[in-house]
Amino acid sequence: MHQFINELEKHEGKEVTLKGWVYNARFGANHAFIEMRDGTGFAPCVVAKDDVGETLFETAKKLTRESSFAIKGTVSKDDRAKGGYEIIASNIEIYNYAKDYPIKVNEAEHGVRHLADRRHLWLRSKRQWAIMRVRNEIIMGIHEFFQKEGFLQMDSPIFTGNAAEGTTDLFGTDFFGDPAYLAQTGQLYGEAMCMAQGKIYTFGPTFRAEKSDTPRHLAEFWMIEPEMAFYTNEMNMDLIEKFTRHVVNRCLANCKNELEILERDISRLETVNQDYPRVPYTEAIQILRGEKDVNGKNAIQVQKDDLAAAQQGIEEKTKDIAEREKAIKGGMKKGARKFNEAKILSLRSEIATLEEACRNIPKWIESAQNFKHGEDFGNSDETVLTRVFDAPVMVYNWPTKIKAFYMKEVEGNPDYVKGVDLLAPDGYGEVVGGSERETDIDVLVQKIKDHNLPMEPFEWYLDLRRFGSVPHSGFGLGLERMVRWICGIHHLRETIPFPRRYGRLLP
Ligand code: 4AD
Ligand code: MG
């Protein structure tokens, strides 16, 4: 049996055999430095001509990126190595030479399309490796939380006979000659099961034909939908808070290495340990428009300050670049020049980010100031709103008109429903949508009509109100939105192994 990189600590000073692939390789006259990856992690391996002999050394020198090999060697402590250990090789065995691997270590050299077309290979890169491990940790955290809280996991069907979340983004299909749709949600089935089991959660793929190319929409995504009998929307919000806090904290505890690779600002994730502010929709839009301050902060002013800071940052960084360029021209040692050139490159990319902010913020301010009551929040509105809070924010009591038919009306105020969205900070936006469910069968029937939905496919659903109807609530967490937030990545295309979205069906 061979050993694994993530357990090198156990083998310090001893001989191990590792099996994996070349992540990166560099060759000197007498040494080969190979960064191996084996799925569990990354480890530097040193192959010295003096240790392995001329023939093996020549073999090692042929190792190209993503060639597969086994290495035998001693585990040596090395504080400069990321994982703290390196392998001093005594033998090498090659499985397969990879010729012209199409992805460079520095992914930034490729366009997004180049990488997305090669998703089956891209998954091997360090960033993607880290993201998939965080995703796995999130999944484990979700099951752990609900199982401990006494929820039953249920599987809801993927072929469905009705729409539940609006008819505009349905994927139609043919079910033995009858029209059917890929499930937009498992919720309605979850409601049925919760009347049998009390507290349940679904965990499955859901489908939305979102015909637009945005960083936060997939056509196929995974949703976790708990549904609880006898829960009000207030209890629902308590659960959303406790649940997301648990999952984030589990990742903080178990994914340190991964989050470091992703350069995630951990302090921004630790905000989940504060109480989540709960703001009714009408108050949220006052805050958004800058009509109401939060803890002395005004949403519009905060954006203006951010804009000024970005402009100042650009000025300072531009000056810094000019000074470094001048110094390089004046002549300096190779090491110092290389250092300064690298610094200039990174300053340029920081400037590009700030320039993007300078282009965006004025549009965001305009959208926020002109926000009309009854609209749904756009991406930038969520960013502007959450910016005045530190922790994730829950917005509740939404206008009836923009929410799904099954949401319960606020008592005495049918223009609003007891829906709730959880908005993650720093522009990550909506990660959870949920509500208390309508229990009044007459209201529900009317709502189905108002939404122009056919009654027949909902007859079974109405039975849940006919036989032992009880107050109940639930919510849906978008798994990929959660991965995006925790990993701190911009686009959902990196949060799922093989994304399915508008314009992308392969690989
Ligand atoms: O807000 P949504 O549409 O709510 C529901 O589907 C309810 N049935 C949930 C419930 O109460 N049981 O979707 C829930 C979450 C969103 O907050 C978002 O995180 C994610 O699902 N989501 C998407 N993720 C990726 N791509 C899309 N196209 C998504 N649409 C929704
Ligand atoms: Mg929603």
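Close Lys pairs in region 5-96, defined as Cα atoms under 26 Å apart and 8 or more places apart or on different chains, number 26. Across region 493-504, rounded Karplus estimates of 3J(HN,Hα) from the backbone phi angles (6.51 cos²θ - 1.76 cosθ + 1.60, θ = phi - 60°) give 4, 9, 9, 9, x, 10, x, 10, 8, 3, x, 9 Hz, Gly and Pro being marked x. Magnitude of the charge dipole for region 5-96, about its Cα centre and with charges confined to Cβ atoms of Lys, Arg (+1) and Asp, Glu (-1), is about 220 debye. Here the relative contact order of the chain, from alpha carbon pairs under 8 Å that lie six or more residues apart, stands at 14 percent. Taking region 489-507 and a reference point 7 angstrom along Cα→Cβ of HIS120, the backbone N atoms nearer than 12 Å belong to 506-507.
How high is the relative contact order of region 281-371? Use alpha-carbon pairs under 8 Å, at least six apart in sequence, and give a whole percent. RCO, region 281-371: 42 percent. Among beta bridges identified by DSSP and lying wholly in region 5-96, the antiparallel ones come to about 95 percent. Fully extending the segment from VAL105 to GLU7, taken as 0.36 nm per residue of separation minus the present Cα-Cα distance, adds 32.8 nm. Ranked from largest, the principal axis spans of the Cα set of region 61-132 equal 41, 27, 20 Å.
Rounded to the nearest 20, the size of the Cβ-charge dipole of region 248-382 about its Cα centre is 880 debye, with Lys and Arg at +1 and Asp and Glu at -1.
Taken about its Cα centre, the chain carries a charge dipole of about 2120 debye when Lys and Arg each add +1 at the Cβ and Asp and Glu each add -1 at the Cβ. From the alpha carbon centroid of region 22-41 to that of region 356-399 is 47 Å.
DSSP beta bridges fully contained in the chain are about 90 percent antiparallel.
Computed from the alpha carbon positions, the gyration tensor of the chain leads to an equivalent ellipsoid with semi-axes of 48, 30, 20 Å, biggest first. With a Förster radius of 45 Å applied to the beta-carbon distance between THR271 and GLU54, the computed FRET efficiency rounds to 0.20. Simple spin-label estimate for SER68 and GLU263 gives 3.2 nm between the two label positions (7 Å along the Cα-to-Cβ direction from each Cα).
At a Förster distance of 41 Å, what's the computed FRET efficiency of ASN413 paired with LYS148, Cβ-Cβ distance as r, to 0.05? Taking R0 as 41 Å, the efficiency between ASN413 and LYS148 is 0.65. With both labels modelled 7 Å from their Cα along Cα-to-Cβ, the ARG26 to THR439 distance reads 6.7 nm. Taking label positions 7 Å along the Cα-Cβ direction at both LYS449 and GLU283, the computed distance is 3.6 nm, reported to one decimal.
Using only Cα atoms, locate the centre of region 435-496 and the centre of region 113-176, then give the distance between them in Å, rounded to an integer. Rounded to whole Å, the Cα centres lie 17 Å apart.
Of the trypsin sites (Lys or Arg not before Pro) found in region 158-255, the ones in coil according to DSSP and having at most 13 other Cβ atoms within 10 Å of their Cβ are LYS211. On a per residue basis, the convex hull of the C-alpha atoms belonging to region 5-96 measures out at 81 Å³. For the chain, the residue among VAL393, ALA70, GLY433 whose Cα projects farthest onto the positive side of the dipole built from Cβ charges is ALA70. Pair-distance distribution P(r) for region 281-371, from all Cα-Cα distances in 10 Å bins starting at 0: 16, 32, 22, 16, 11, 4, 0 percent. For GLN311 and THR214, the FRET efficiency from 1/(1 + (r/R0)^6), where r spans their Cβ atoms and R0 equals 45 Å, is about 0.95.
In the chain, helical runs assigned H by DSSP with n ≥ 4 each contribute -39500 (n - 2.57); averaged across all residues and rounded to the nearest 500, the mean residue ellipticity at 222 nm is -12500 deg cm²/dmol.
Counting only Cα atoms, the size of region 242-331 along its three principal axes is 60, 41, 16 Å, in decreasing order.
The alpha carbons of region 18-71 stretch over 30, 17, 15 Å along the principal axes, in descending order. Taking a point 7 Å out from the Cα of LYS14 in the direction of its Cβ, the residues of region 45-84 whose backbone N falls within less than 16 Å of it are 72-77.
Any read-out appearing in this document is the output of simple, stated calculations on the displayed coordinates, not a laboratory observation. Remember, it's a predicted structure, so these values are computed and weren't measured experimentally. Ideal geometry is used to build each Cβ from the backbone, glycine not excepted, and the neighbour counts take in all protein chains shown.
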